[in-house]
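One structure is given here, and the rest of the page talks about it.
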Amino acid sequence: MAVPKKRISSSKKRIRKNLWKKKGYLTAMKAFSLGKSLSTRNSKSFFYATNK
């Protein structure tokens, strides 16, 4: 027989939501940082073709 699940408290829900948001924020900051370093040609992980 099916039994209903217990209700999650507001504080636990808020904590989980904030962790989820933080994960997205950190990923976005990483992507922005990489884009910035690529545009200024200061990236250490990419090689550029030099036009000489």
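The lysine pair tally for the chain, using Cα distances under 17 Å and a gap of 8 or more places or different chains, is 11.
Against the empirical curve 2.2 N^0.38 Å, the C-alpha radius of gyration of the chain lands at a ratio of 2.17.
No lab work stands behind these numbers, since they all come straight from the coordinates. Remember, predicted model here, so these are calculated numbers, not experimental data.
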